[in-house]
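Worksheet for the structure shown next.
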Ligand SMILES: [Fe+2]
Ligand SMILES: [Fe+2]
């Protein structure tokens, strides 16, 4: 489909451009999945730290949730590492940097920002896997995405906010 030659003028050309992000090589997909893996490691570390450091009676329920998130992020890391290995790549061992703070609200905000970034990336990854015909991989990432969106909701709720729209109309095309 994506290879179909544009003979219908700019509408088709625009569509091709919008879908461009979905067309990646195997090598590019390995690199992108390694970025996802580095983000999963970051999430594990942040949730381990924040779930124990978070203080204040009003935050005890969310602290328990964060502890559960840590375990879920570890499962995600294992799934993503397996996909990288399947593609012939070497799973990274380096997490993205984790911010720390003494303030509960900061910690929840850092987590929410990271989850927004994660959701944005996995939505794109599903499209990229499907464009390559890697439907099973897309399915694994969809399952992770369901949990990441639950994490987003838990954090936004604890902060008394709505969940932001993280994907632009162009990215959704
Ligand atoms: Fe995750
Ligand atoms: Fe998450």
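The values are calculated or read from the model by the stated rules, or taken from the named source; none is laboratory data. All figures in this text were calculated on a predicted structure; none of them were measured in a lab. Here the Cβ is made from the backbone with ideal geometry for all residues, glycine too, and neighbour counts use every protein chain on show.
Limited to the range 126-173, what total is found for residues that are within 14 Å of ligand 2 (Cβ to nearest atom) and closer than 23 Å to residue 33 by Cβ?
12
When the range 133-148 is examined, which residues are found to be crowded, with 17+ Cβ neighbours inside 10 Å and away from ligand 1 (no atom under 11 Å from the Cβ)?
134, 137, 138, 140
Which of the residues that make up the range 121-137 are touching a residue at least 40 places away in the same chain (Cβ under 8 Å) and under 12 Å from the mean Cα position of the chain (by Cα)?
Within the range 121-137, 121, 122, 123, 124, 125 meet the criteria.
When you scan the range 149-160, how many residues do you find that are free of Cβ contacts under 8 Å to residues at least 12 places away in the same chain and away from ligand 1 (no atom under 16 Å from the Cβ)?
2
Working only within the range 36-60, note down all residues that are touching a residue at least 60 places away in the same chain (Cβ under 8 Å) and closer than 13 Å to residue 108 by Cα.
Residues satisfying the conditions are 43, 46, 47, 50, 59.
Using the structure shown, decide if residue 159 is on the phi < 0 side of the Ramachandran plot and either out of contact with any helix residue (DSSP H, G or I) (no Cβ under 8 Å at 6 or more places or on another chain) or buried (at least 19 other Cβ atoms within 10 Å of the Cβ) (or both).
no
Might you check whether a residue that is in a helix (DSSP H, G or I), surrounded by fewer than 18 Cβ atoms within 10 Å (Cβ to Cβ) and within 16 Å of ligand 2 (Cβ to nearest atom) occurs anywhere in the range 81-94?
Scanning the range 81-94 turns up no residue that is in a helix (DSSP H, G or I), surrounded by fewer than 18 Cβ atoms within 10 Å (Cβ to Cβ) and within 16 Å of ligand 2 (Cβ to nearest atom).
Here are the criteria: (1) in contact (Cβ under 8 Å) with a residue 12 or more places away in the chain; (2) more than 16 Å from ligand 2 (Cβ to nearest atom); (3) more than 18 Å from residue 38 (Cβ to Cβ). Tell me which single one residue 112 does not satisfy.
Here residue 112 clears every test but (2).
Quick grid of which residues meet (1) over 22 Å from residue 160 (Cα atoms); (2) modelled with pLDDT of 95 or more; (3) under 12 Å from the mean Cα position of the chain (by Cα):
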residue: 68; (1), (2), (3): no, yes, no
residue: 71; (1), (2), (3): yes, yes, no
residue: 83; (1), (2), (3): yes, yes, no
residue: 87; (1), (2), (3): yes, yes, no
residue: 93; (1), (2), (3): yes, yes, no
residue: 119; (1), (2), (3): no, yes, yes
residue: 139; (1), (2), (3): yes, yes, no
residue: 143; (1), (2), (3): yes, yes, yes
residue: 146; (1), (2), (3): no, yes, yes
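Report, by residue number, each residue of the range 63-79 that is more than 11 Å from ligand 1 (Cβ to nearest atom) and without any contact (Cβ under 8 Å) to a residue 12 or more places away in the chain.
68 - this is the single residue of the range 63-79 that is more than 11 Å from ligand 1 (Cβ to nearest atom) and without any contact (Cβ under 8 Å) to a residue 12 or more places away in the chain.
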